[in-house]
Amino acid sequence: MNPDIRKKAAIWLALVFVLGTATGGVFGYSLARRSYAATKTVMPSEAERRAKKLAEMTQAIGLTPEQGQKADGIIKGAQTEIHGIHEKSDAEVDVIRMRTRQEMRAFLTPDQLPKFEQFVQRLDEERKKQKEAQGGR
């Protein structure tokens, strides 16, 4: 075979391989991204979750409408208490977190302090996003 033809064939083969790889990568990424996006669900509200559980309980136990209303009130009260406990414990955790950060700042060098503040800010943002993802708890 002519060396010139062999060189052109090698270039075409390499080009087809690169284009095939790129096309496969784009379609694979697109498919994976679409599949992942489809798995993300919106969290139902507290009232929706409570109504669903109450409906399940009504079906399983056979609650009357009056019993269902009483059960809903009791569950709602418990949820309110639980939220109060979470808020109280979150506040206590925040106090410990702030105290710990102050202790850390005490031994960091002036060069390290801005880096530490950026690090802490990133942690706070991640915590906020996580909290929002959990329904604002």
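Of the residues that make up the range 73-83, is at least one modelled with pLDDT under 90 and in contact with a helix residue (DSSP H, G or I) (Cβ under 6 Å, 6 or more places away or on another chain)? Yes.
Can you pull out the residues in the range 99-128 that are of a type in the set (Lys, Arg) and either exposed (fewer than 10 other Cβ atoms within 10 Å of the Cβ) or over 25 Å from HIS83 (Cα atoms) (or both)?
ARG101, ARG105, LYS115, ARG122
Number of residues in the range 50-91 that are open to solvent by 100 Å² or more (accessible area, probe 1.4 Å) and more than 18 Å from GLN134 (Cβ to Cβ): the value is 9.
Residues of the range 46-97 that are more than 30 Å from GLN121 (Cα to Cα) and of a type in the set (A, V, I, L, M, F, W, C): ALA47, ALA51, LEU54, ALA55, MET57, ALA60, ILE61, LEU63, ALA71, ILE74, ILE75, ALA78.
The values are calculated or read from the model by the stated rules, or taken from the named source; none is laboratory data. Note that the structure is a prediction, hence the values are computed from the model and not measured. All Cβ positions, glycine included, derive from the backbone under ideal geometry; neighbour counts span all protein chains shown. We work out accessible area using only protein heavy atoms, side chains counted, and drop any ligands, DNA or RNA first. Shrake-Rupley method; radii C 1.70, N 1.55, O 1.52, S 1.80 Å.
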